[in-house]
Amino acid sequence: MCPEYNIYHTRYPQDNVQFMSKEKPQFIPLTDIKDNVSSLLSSTHICYKCEREFNIDDNIGGNCKHIGIWHSKYNDCSYLKCGFNLGKTASIGQQHWSCCYSLDRESDTCSKSGPHTFIKH
């Protein structure tokens, strides 16, 4: 039985055979099923985390909100981790995001973020 595609099988008990179907089996090519399902599904969704619209077919990650915190004070940083990841482009004293080490406070996308999510976890 596959209610999603309106395929229902009725089986009746038999004396010598346990169940015998009274209908001819229906075979649907896999390509038809994929085409039907993909045409019914919308490819555009709203992300649960960042509340932006995204295309599910192009959702590899790196475009969602920051997963870390903004390091605005020297005490927020781990000297080794932040110093190593900021590298030669910035010094340990500059404010930055702890996840992607971006120096732009107003940035709303993180290169280290995972894919967008449209289901609440």
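In this label model, Ser78 and Tyr48 are separated by 2.7 nm, measuring between points 7 Å along each Cα→Cβ vector. Counting neighbouring beta carbons within 10 Å and listing from fewest to most, the residues Ser91, Ser111, Ser98, Ser42 come out as Ser42, Ser91, Ser111, Ser98. The Rg/Rh ratio for the range 62-121, using Cα coordinates for both the radius of gyration and the Kirkwood hydrodynamic radius, is 1.02. Using Cβ point charges alone (K and R +1, D and E -1), the dipole size of the range 62-121 about the Cα centre works out to roughly 140 debye.
Here, each number is a calculation from the coordinates, and none is a lab measurement. Only a predicted model underlies this, so the values are computations on that prediction, with no experimental measurement involved. Glycine also receives a Cβ, built like all others from the backbone with ideal geometry; neighbour counts cover every protein chain displayed.
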